[in-house]
Every structure is written in C-alpha cells, then in structure tokens.
Amino acid sequence: MAPLVTVVSGPRTRIFACFLRLGSQQVSPLQLHTSFSHAAKTHYEVLVLGGGSGGITMAARMKRKVGAENVAIVEPSERHFYQPIWTLVGAGAKQLSSSGRPTASVIPSGVEWIKASVVELNPDQNCVRTDNGKEISYKYLIIALGIQLDYEKIKGLPEGFAHPKIGSNYSVKTVEKTWQALQDFEEGNAIFTFPNTPVKCAGAPQKIMYLSEAYFRKTGKRSKANIIFNTSLGAIFGVKKYADALQEIIQERNLTVNYKRNLIEVRADKQEAVFENLDRPGETQVISYEMLHVTPPMSPPDVLKTSPVADAAGWVDVDKETLQHKRYPNVFGIGDCTNLPTSKTAAAVAAQSGILDRTISLIMKNQTPVKKYDGYTSCPLVTGYNRVILAEFDYQAQPLETFPFDQSKERLSMYLMKADLMPFLYWNMMLRPGIGEQCYERR
C-alpha cells in the first residue's frame, strides 16, 4: 500500500491531504493575544466577527497579510469547541473535556480579542456595535458568526432536558445527556430527529442513531429497541452515492425511517414526542420514547436576521464562488452563517478559508477575485464505533473524493481519521497562525 501522503497528493487533493501536507511545518505551542481591556483601539483594518473555526482561521490568515495589530476578533465565549467530536461524546466514545479549550489559547498571537457580542452591523458606515456599547470600525469585515440553535421553537424545550431519557449532541449542555439516555435505555422506542430547517453537520442526526444501534447490540438490548429516525427531509442523504450506501445499512440493521416528519413538541414528563406530518399540514402523531435524541431547529444568529448584510432568509448574502458580499465589496462571509448552498461543516469552512483568503488578497489590491469555491464539503458519516463512510461532495451534490477507493464503503481507517486524526489537525494546524495558509490551494 502506498504511504498516505503519497495517496492523497494527486490533482484531486482535498482538505484532509492539505492538512497532512502541512504537518511538516513548525507549530508554535504558545498563543498570545491582546484583550479588549488592554487596548482602546476602535478601528481595525480587518475585523472578524465570531471566534469559531471560520473566524479563528481567517484571523490567522489576515494577520499574515496586514499584521496582528491590525486584526481583531469579536467573540464573547470563554471556550472554543471542536464540535464535530460531540457525535462520539454522545455515544460514550470520547470525553466532553477533549472537545474544548480556552478561547484565549486559539486566538492568533498578537491579534486583539474583543470579548463581547455584536449587537448591530452598519456596513454603510463600516462599523459594528457591541453589547458593551463600543463602536468598532473597519476597512474589511469578515462575518463568521455561525448558526443559532433554536431549541425553544420546539414546545417543551429546552426545559425538557431537565428530565431523563432525552439528549442532544448539538449543545455542550446536553451532549452528555445523550450518553446517559443511551446507557439508561431498557426497552422501547429510541427516536432520533431531523428538523425542518437548515442545520450544521446534516449527517450528525443519523450518526448517533447508528452508534446507538451498535451500542444496543453490544449491550444485548438490540432486540428490545425499536429504532426510529423521523426526518423532515424527503431523503436520507442529499448525495445519491452515499444515500444508497446508507439505505443498505438501514435495511440491514432494521432501522425505521419516516420522512417528512418534524418534531414540534416534547412532553418530557410523559416521555412523549409529537411530530407533524409535513405532507399533511395539521396532522400530528404522538410517539412514546425510552430515548429521544433531538436535533434542534436552527437559524441565522438574531443579529444577522435584520441586518443589511442578510438575504431574505437572514443569512449573510455572499457570492457563492468568491464569498464576497453581494452588495458590500469590503464585507465577506464564511461558514454556517452564510447562504452558501452547501452542507454546513467544519471541512467546508476549511475549504472556504483558502478561497476567501485569495478573494480578500485581490480585493486589497483592487483586483477582481478569480479563485472560485466549488461548494466542497465533507461529512464523515459514523455508522458504528469503528466505521465511517467519508462523504465528500460539491454544490451539485456530486462526489468530490480525496482517496483512491470507494468512500461510500464503511471503513475503519476513515473512523480513525474522524475520531483521532482530524481533531489533532484541527487544534494544531487549522487554527494555528500561518498553519493552514496553503489549504485548498492544490486543485
């Protein structure tokens, strides 16, 4: 077998190969930043809104272009999380503590961290306002505010999480409750949901179903479990190649999938879930559960919904090829908060960062962006405690695969990449200043 770096160094190299190639670079173990309290600057050449994966990655890139002292990140959270690992935390395969680090440790060295929330964007005046009353102006603005979890749009939530038997892998507050519910399962319905909204990591709602089924088999409870996946969608996955593979698994493992079913209420005290039939408005069904995993409705952050930078649905309105805003040429968007018509994943953010880096570089030189984002995204579909189907695809829902083998097959190697390699690369390369600078450039 060829060495992994050789295997992934061809012309169709994608984000995983890029990370591996960067492994030979030096990684500084120390991150230093300037907090808001120590600096009174109110203008920056580049202002980044959001300290998630997109925000940190772009701040690191911009630091190398304009200097750390000319870049600032607005982010209120004290901790930064690698959220893709929460699927495995909810299944008991990883510890929650491994998923988070202090935000201060991932802010690029020298870049100012403004520890606040954005409450208003005024792109006509090139400024934003924060919740502590500060007004900050910019020459270039990068919006990386992520996506908002709307548990409260389901009647009975989030207060229902105070009861047992219910969890959600999408929140740091509820992911361990999934694992507890899985361990407490005795007999009955194990229900997994997918909402009637865009979501981040669209594969995650069904990943925990496959892991739960494997856990029930391992603990001798499978014969007592009726596993149900109620999804608001009309298909199990948006890319046919991977959907066909998942359908085979569903049939082999005797899993029940109901399409066009949307969770609208949780009666946690009675262990009942209420679903609406999207094909028959007004028709509902009440199902009792022994375990319930909730994927919440999601939406753009509230601050964006009424902002001039938003489209009619509230997402940052960017060109899908350059990531430049359609109306404000010095404003850019990346990741889950944008209206890019691709799956919202960390791999997509990594790919987008390379394109956005090129776009901003040319805009700064008064040139026209030429590098085009093709919608690349990736979803490692965890189908067991040691198996993953690595889905990679583009805007047209066509496979865009890294490796020279059929990625629609379950593989141990892909599980190890998901569980161990990618978290390491995320923390030590993608987020590091200067590391990841070349990502997605080999095409």
(message) Using amide H atoms built in the peptide plane, which far-off residues or other-chain residues are under 5 Å from ASN258 H to H?
(response) PHE229, ASN230, THR231
(request) Enter the accessible area per residue of segment 272-422 (Å², integer; probe 1.4 Å; all protein chains in place). (result) 37 Å²
(request) Find, among the trypsin sites (Lys or Arg not before Pro) in segment 158-187, those assigned to loop by DSSP (not H, G, I, E, B) with at most 14 other beta-carbon atoms within 10 angstrom. (result) LYS173
(request) Would you be so kind as to identify which of PHE237, THR197, MET209 lies farthest towards the positive end of the dipole of segment 151-293, taking Lys and Arg as +1 and Asp and Glu as -1 on Cβ and the Cα centre as origin? (result) PHE237
(request) Calculate for the chain the 222 nm mean residue ellipticity that helices alone would give, adding -39,500 (n - 2.57) per DSSP H run of length 4 or more and normalising by residue count, nearest 500 deg cm²/dmol. (result) -6500 deg cm²/dmol
(request) Under a 10 Å cutoff between Cα atoms, tell me which one of VAL318, VAL382, VAL239 has the largest fluctuation in the Gaussian network model of the chain. (result) VAL239
(request) Kindly state, to the nearest 0.05, the FRET efficiency for THR284 paired with LEU362, given R0 = 56 Å and r defined as their beta-carbon distance. (result) 0.60
(request) If a/c stays under 1.5 just call it rounded; otherwise compare a/b with b/c (prolate if a/b is bigger, oblate if not). Do that for segment 151-293, with a ≥ b ≥ c from the square roots of the Cα gyration tensor eigenvalues. (result) rounded
(request) Multiply the residue separation of ASP302 and GLU187 by 0.36 nm, subtract the distance between their alpha-carbon atoms, and state the gained length in nm to one decimal. (result) 37.4 nm
(message) Multiplying the sequence separation of GLU120 and LYS326 by 0.36 nm and subtracting their Cα-Cα distance, what value in nm do you get?
(response) 72.2 nm
(message) Leaving out ligands, DNA and RNA, and with a 1.4 Å probe, what % of the accessible surface on the chain is carbon or sulfur?
(response) 49 percent
(request) Using the charge dipole of segment 272-414 (Lys, Arg: +1 at Cβ; Asp, Glu: -1 at Cβ; taken about the Cα centre), state which of VAL370, PHE393, GLN407 has its Cα farthest towards the positive end. (result) VAL370
(request) Just flag the trypsin sites (Lys or Arg not before Pro) in segment 365-434 sitting in loop per DSSP whose Cβ has no more than 10 other Cβ atoms within 10 Å. (result) LYS365
(message) If R₀ is 30 angstrom, what is the calculated FRET efficiency for the pair LYS270 and ARG222, using the beta carbon separation as r and rounding to 0.05?
(response) 0.75
(message) Quick check: residue separation of VAL370 and LEU416 times 0.36 nm, minus the Cα distance between them. What number comes out in nm?
(response) 13.0 nm
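Relative contact order for the chain: what is it in percent, counting Cα pairs under 8 Å that are at least 6 residues apart?
Relative contact order of the chain: 20 percent.
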(message) For segment 275-382, which GluC sites (Glu not before Pro) pass both filters: DSSP loop (anything but H, G, I, E, B) and at most 13 other C-beta atoms within 10 Å?
(response) GLU283
(message) Projecting each Cα onto the charge dipole of the chain (Lys/Arg +1, Asp/Glu -1 at the beta carbon, about the Cα centre), which of VAL111, LEU47, PRO123 comes out farthest on the positive side?
(response) VAL111
(message) Less than 11 Å Cβ to Cβ from ALA235, Lys/Arg counted +1 and Asp/Glu -1: what total charge do the surrounding residues give?
(response) +1
(message) Using the crude model of +1 on Lys and Arg Cβ and -1 on Asp and Glu Cβ, and no other charge, please compute the dipole size for the chain relative to its Cα centre, in debye to 20.
(response) 980 debye
(message) Taking 19 Å as the cut-off for C-alpha to C-alpha distance, list the pairs among LYS139/LYS326; LYS218/LYS260; LYS65/LYS326; LYS173/LYS344; LYS139/LYS365 that go past it.
(response) LYS218/LYS260; LYS65/LYS326; LYS173/LYS344
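Rank-order 243-253, 191-201 by packing density, defined as the average count of other C-beta atoms within 10 Å over each peptide's residues, highest first.
Numbers: 243-253: 15.5, 191-201: 21.2.
Listed from highest to lowest mean packing, they are 191-201, 243-253.
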(request) Compute the distance in nm between two label points, each set 7 Å from the Cα along the Cα-to-Cβ direction, one at SER105 and one at ASP150. (result) 3.5 nm
(request) Rounding to the nearest 20 debye, state how big the charge dipole of segment 166-281 is about its Cα centre with +1 on each Lys and Arg Cβ and -1 on each Asp and Glu Cβ. (result) 240 debye
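The values are calculated or read from the model by the stated rules, or taken from the named source; none is laboratory data. Note that the structure is a prediction, hence the values are computed from the model and not measured. Because the Cβ atoms are built from the backbone with ideal geometry, glycine has one as well, and the counts that use them run over all protein chains shown. Surface accessibility is based on the protein's heavy atoms, side chains included, excluding ligands, DNA and RNA. Shrake-Rupley method; radii C 1.70, N 1.55, O 1.52, S 1.80 Å.
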